[in-house]
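> Could you have a look at this structure, given as structure tokens, before my questions?
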Amino acid sequence: MHAPLSTARTLRPAISLILATIGTDHRLAKLLESLRKQTLRDFETIVVDQSEGDDVERLIDGYRGALAIHYLRHPRGLSRSRNAGLHVAMGAVIAFPDDDCWYDADVLARVRQFLARHPRVDGVTGRALFDGTEHPPARFARRAQWVVPAKVWTQGISCTIFLRRALVMRIGPFDERLGLGADSPWTAAEESDYLLRAVGLHAQIWYDPALNVHHPGHRGRFTSVEHARGASYARAMGYVMRRHGAGVSSLAYHLARPFGGALAGVLRGRGDVARFHACVLGGRFQGWRDGASASDAAREPVREDVSAVAAPEHP
């Protein structure tokens, strides 16, 4: 049994979880159940509901005695919804769980302990475990290391990012032109953009592949839905890469990988896999072209020069 939290918000919880969601199913309930089982109890969950009905609110009502929940309604748009959550988040550390991920019982405690041991580190990211999946939707670096622009694509996704409040205040809001529900072609990569902006502020963020968050992956054949999604997400990645100054060699590397995946799919007789990787390749190249035509006004400025801040000791 875990001691229940008060439904009243504490002045400064250790962690704020900003959870943007649309609708409800067993996966959202699985996340909430994993939060109820956390060994760290000093955290708040800010649920930003983009649904039209009241299913989400009814679901979370069943957890109000066990979790400190702050409920908001907001129009659709992942980055817009996270920004609404940022306006009310009070935690010393901010995180952004997906509504279909779930945590092991000690994840939040490990994050708090790590940052307490290393006060000069601005945040920590981890690896998503795609349980029971045939085709993991993301790759992750195998070794612990600092988050750097060239490797940010393998150093964390939304649900594995934990940043100190002070850093989040310096970065500012998510770019609302990026992410699911955005009024643009770039329906992903908002978290990578956020990390790149953080590193641009000389933030020290540690990637730990042993810090795991569970997330569903994909099994079976790829359909036209997955093909379109792969192209759309890849276009956002290419756009963000170019916007943050990635070079041609970086583009070549990130085009070569899906090219190899497409070739492997053909050799295996998996036309659906080959087409998926071809869509990713085309999407990344299109996004790169988008980024080249973006005006300077559309690029995110560095908000503050913190180059004088000394680098922390190796965690």
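The values are calculated or read from the model by the stated rules, or taken from the named source; none is laboratory data. This structure is a prediction, so every number in the text was calculated from the model and none was measured. Because the Cβ atoms are built from the backbone with ideal geometry, glycine has one as well, and the counts that use them run over all protein chains shown.
> Please specify each residue of segment 26-60 satisfying the condition of being within 21 Å of ALA89 (Cβ to Cβ) and either free of Cβ contacts under 8 Å to residues at least 24 places away in the same chain or of a type in the set (D, E, K, R) (or both).
Answer for segment 26-60, where residues must be within 21 Å of ALA89 (Cβ to Cβ) and either free of Cβ contacts under 8 Å to residues at least 24 places away in the same chain or of a type in the set (D, E, K, R) (or both): ARG36, ARG41, ASP42, GLU44, ASP49, GLU57.
> Condition check: in contact (Cβ under 8 Å) with a residue 12 or more places away in the chain, more than 28 Å from ALA84 (Cβ to Cβ) and not assigned by TED's automatic domain parsing to the domain that holds PRO75. Does PRO258 satisfy that?
Criteria met by PRO258.
> Tell me which of these GLY91 doesn't satisfy, since it passes every other one: (1) more than 20 Å from LYS37 (Cβ to Cβ); (2) buried (at least 21 other Cβ atoms within 10 Å of the Cβ); (3) among the small types (Gly, Ala, Ser).
(1) is the only condition that GLY91 fails.
> State whether one or more residues within segment 144-155 are assigned to a loop (DSSP other than H, G, I, E, B), over 15 Å from the mean Cα position of the chain (by Cα) and closer than 27 Å to ASP42 by Cβ.
yes
> Shifting gears a bit: What are the pairs, 6+ residues apart or on separate chains, where a residue within segment 170-198 that is part of a loop (DSSP other than H, G, I, E, B) has its Cβ under 6 Å from a residue that is among the β-branched types (Val, Ile, Thr)?
Partner pairs satisfying both residue conditions: LEU180/THR187; ALA189/VAL240.
> Quick one: how many residues across segment 85-106 are within 16 Å of the chain's Cα centre (by Cα) and outside any loop (DSSP other than H, G, I, E, B)? Steps first, answer last, please.
First pass over segment 85-106, keeping only residues within 16 Å of the chain's Cα centre (by Cα): 85-86, 93-103.
Adding the requirement that they be outside any loop (DSSP other than H, G, I, E, B) leaves 85-86, 93-95, 102.
Residues meeting the conditions: 6.
> In segment 58-79, what count of residues is obtained for those that are charged (D, E, K, R) and assigned to a loop (DSSP other than H, G, I, E, B)?
Residues flagged as charged (D, E, K, R) and assigned to a loop (DSSP other than H, G, I, E, B) within segment 58-79 amount to 2.
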